[in-house]
Structures are given as C-alpha cells and as structure tokens.
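Worksheet: one structure, shown below.
The values are calculated or read from the model by the stated rules, or taken from the named source; none is laboratory data. Being a predicted model, the structure only gives us computed values, none of them experimental. Cβ placement follows ideal geometry from the backbone for every residue including glycine, while neighbour counts extend to all protein chains displayed. Surface areas here come from the heavy atoms of the whole protein model, side chains and all, with no ligands, DNA or RNA. Shrake-Rupley method; radii C 1.70, N 1.55, O 1.52, S 1.80 Å.
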Amino acid sequence: MRIKTNLPKAIVYREAGAEGAAPSVSFRPTALPSSDDFIKVVYEGGHFVAIGKNGGIAYSKEGQTWTYRKLGEYAFCDIDYIDGLYIIVGGAGAKGLILSSADLSEWKKEAETDLGGAKDSYGHAYSLLFRGIWNNGRDYIVMAIAYTSNYSIQYAYTGASVRGLKQVLIEDGIERYPAGQYASASQILKGNNRVGIARQLTGKGKIWYTSDGNDFDSVELTSGSAVPGGGSPIFFYEGYFQQGIAYRKAAGGGNYATFAHMYRSISLKQWEAVGPGLQHNTGKELPYFICALRVGDRSLYIGEHSGLLVGEESIVEKAPEECFPISPSVTVNSAARSEARIVCVGDGGVVFWANADGSDKNMEIAPATVDQEIYIRKSDNVRMLHVKAVTSGIDSNIRPENIRKDVTILGVKGTYGG
C-alpha cells in the first residue's frame, strides 16, 4: 500500500485480510470512442498501444485514460516497438502494409506491397497480408500470407530496414481454412531468438518457424491428439512457447469434466503437456489461455473470453472460484503490463485495466497530527488502513498563536485574531 503525502514522517501499513490470502486482481473497464475490435496491446516506449482490426489505434501512458485515432481503412494484424519506432503491419486492400511512428502522432507508410497480379491455377488473383513483424537484432522479418479464395502461400520478407525487404518463399499451395477467415486463421509466434507463424488447416495445425528469416522448419500438430491443435492461441512466456487449449474428458455416467490444459515447447517442434489444468465441472468449454504475465512471484494466465487465473510456475488443478473473471461478456484478445498496470484489450472497443499488484494502491491521504483510520472499499482488496500521526517534520511555526483564529491547519486550530 502506497500513500502519497508531502510530509516525510507519515507511516502507513496495510492490515492483512481476514484469512491473510493474497488479494485477487480486480479489472475495471474503460470505454473507447470506437467499437473496433482490438487484437493486440503492447507496453513499449512508455505507452500502452493497442491496434484494432479496422485501422484504429489507442494509446495511454497509465492504462486508464486513452487517446484513439483512426489511421485509415486498413486491416491491422501486429504491432511491435523496434529501435525507437512503433511499427504496425497488416493490409491495405490487396496489399501488404507497414506503418511506422516515433511519437504515435505522425505515421509514415513504409511499404505497400502486392504480388503484381499473380494468380493461382484457377485464375484467382492473390492478395497479400503482412501478419507479423519481428527483429532478431540484425534484420527485420515480416511474416506474410498471399491468399485467394481457395489457396494460400506463406512468405517471409527480410532485410536490414522495413523498406526494400527481400521476399522469401516459405511454402506454396496451402489450403485456406476456414473459408473467409484468412486473418484469424493464423497467428504470429515471437520468442527470444525465433519467430513463427501457425496456421489452422483441416484437421490439423501447422507451424513454420525461423531465427534468420531465410531457413524455415515446420511441424504439424494434429487436432485432438496429445499435442495442441492448430486452432488454439500460442504465446511465448518464461522461455517457452506455450499454448492454452480447452479439452473435454469423458467421465462416468455420461458426464464430462472440462479442463483447460497448457502445453509448452522450446523448439516449437516437441511439445509437452503441463497440467492437469484448470477444472470446471459445468460441462462448458473453457476459454483458451491467450497469454501469461509475471506479477510478483506469480504467473497470471489470461483467457480469451472471461477467465483469469493466478497460478504458479505451471498450470495446476484449480477450483472455479480461483479463476477471477475479467468480464463475462467481452472477448479478450491480448494483454500487456507496465510496472504499475495490467491492460487487457478485446472486442467492441473496451479496455480493461488493473493494478499490477492487487495490494499496491496509490491513494491521496491528508496528513494530520492525530491518528486516522481510513476504510477502503472491499473491491480495493484492503480492509483498513492505519495512518499514524505526523508528530515531527512540521514547520515549527504551525502553532495556535501563529494561525488566524478558527483556521485549522494539520489539526491545529488557530487563536490569532489579527
């Protein structure tokens, strides 16, 4: 608990809850002047920055007060902060798009690239979409998909700058699945020294990954097996690529026990299960975990819809009441944290924020020369504060005989009538 005061001798301490348990994390909504679906948020360069699917961005220093801007009729897919620049990639019509900005105000179009009218065997023209951007410390690597209504081609674009990138073919002739959802059917994987793209295909998932943008390895993940399927979110956390997947296990009498499992991999090729996971006995599918954040000595796992789980190093079996909800009605797509705040963004132009530590509250309390007991709302995770009297460090001239009559300063009532 932090109390802001301009007097150095104020002493504040927090009383533990009745059971002494660690407080939960309480998220609060902030409405933006846009109904855009925000798909990613990062905390870089002193700002939270979120991008929407339809060409909008929102940014904030503290995660509570946001500025929204519409940059154009674009399809945004990814944002990163590299060498002092915010870089957004996506699509502009049938072309791959790259925008950059140093200050979030002025944006420069670095690239608008197409395939020059290339067509598939059915005569359908390809459109290009830049799905993600990453930097390995030497080169920029942009993962891209060229697609028609039936097939797609995987590309990488690499180079020392975001202009004049060299095109690298990853794989040709990949089916487009699900139909009409080329953007949501793929995701970008970023780690310490590798980047990849995962695609959802019929009955399986496939991941292509690289460290230099030129040589790619791949692995197929069959849906329903002991390894994660291609349709579940994959993220990088604690040195591993991790994937949270909903899994339903049959039990006796026709009932079902529902688990949310976690799988992890260092190489992206070999996966191991971490679990058994969070169990709900409601028979309903659980939200996929989309990311994990470190909060103190704990790992905070955040679900795609409303689930929020505070766990330890790995997912262990939890009771439903230990899964703290962010919102029961909003799809959460991404989360990021600063030193003080956690921010989640999702569909419908709503942002949720919480203190990074549930016990760390900043409050304004007026100093006094008498003890104070200040009661906090239950939602603030603190039962009561005791603020000890400030008895020193006060200007010695604050005495009754030096203060105008009936004027009180720091608990001292004046007697001077002049």
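Remark: the residue 270-residue 28 segment gains 83.3 nm on full extension, using 0.36 nm per residue and subtracting the alpha carbon distance.
Averaged over its residues, the range 94-136 has an accessible area of 45 Å² per residue, based on protein heavy atoms and a 1.4 Å probe.
Database remark: amide H of residue 55 closer than 5 angstrom to the amide H of 74, 76 (H placed geometrically; neighbours at sequence offset of 5 or more, or on other chains; Pro and chain starts carry no H).
Projected label points at residue 395 and residue 169, each 7 Å from Cα along the beta carbon direction, are separated by 8.0 nanometres. Amide H contacts of residue 303 (H built 1.01 Å from N, in plane; Pro and chain starts excluded): 290, 308, 309 sit under 5 Å, all sequence-distant by 5 or more or on other chains. Binning the alpha carbon pair distances of the range 66-213 at 5 angstrom intervals from zero yields the distribution 2, 10, 20, 23, 20, 14, 8, 3, 1, 0, expressed in whole percent. Here's how it looks for residue 171: its modeled amide H is under 5 Å from those of 154, which are all 5 or more places away or on a different chain.
Here the accessible area of the range 72-211 is 43 percent carbon and sulfur, with a 1.4 angstrom probe and all protein chains present. Using θ = phi - 60° in the Karplus curve 6.51 cos²θ - 1.76 cosθ + 1.60, the 3J(HN,Hα) couplings for the range 235-244 round to 9, 9, 7, 6, x, 10, 7, 10, 9, x Hz; x is entered for Gly and Pro. Here the relative contact order of the range 24-99, from alpha carbon pairs under 8 Å that lie six or more residues apart, stands at 21 percent.
Pairs from the table (61/108; 61/190; 40/206; 109/190; 95/166) lying more than 18 angstrom apart at Cα are 61/108; 61/190; 40/206; 109/190. Each residue of the range 29-43 was assigned a 3J(HN,Hα) from its phi angle through the Karplus expression (A = 6.51, B = -1.76, C = 1.60, θ = phi - 60°), giving x, 9, 8, 9, x, 7, 9, 4, 8, 7, 9, 7, 9, 10, 10 Hz with x at Gly and Pro. A simple rule links phi to the HN-Hα coupling: the Karplus curve 6.51 cos²θ - 1.76 cosθ + 1.60 with θ = phi - 60°, which for the range 403-414 gives 10, 4, 4, 6, 9, 10, 10, 6, x, 9, 8, x Hz, with x for Gly and Pro. Count Lys and Arg as plus one, Asp and Glu as minus one, and take only other residues whose Cβ is under 11 Å from that of residue 129; the net charge is then 0.
Placing pseudo-labels 7 Å out from each Cα toward the beta carbon at residue 125 and residue 238 gives an inter-label distance of 4.9 nm.
For the peptides 338-345, 404-411, 267-274, residues were scored by their other Cβ atoms within 10 Å and the scores averaged per peptide; the highest-first order is 338-345, 267-274, 404-411.
List the chymotrypsin sites (Phe, Trp or Tyr not before Pro) in the range 117-178 that DSSP assigns to loop (not H, G, I, E or B) and whose Cβ has at most 11 other Cβ atoms within 10 Å. Which are they? Let's see the in-between values first.
Details: sites: 122, 126, 130, 134, 140, 147, 151, 155, 157; in loops: 122, 126.
Loop-located and lightly packed - 122.
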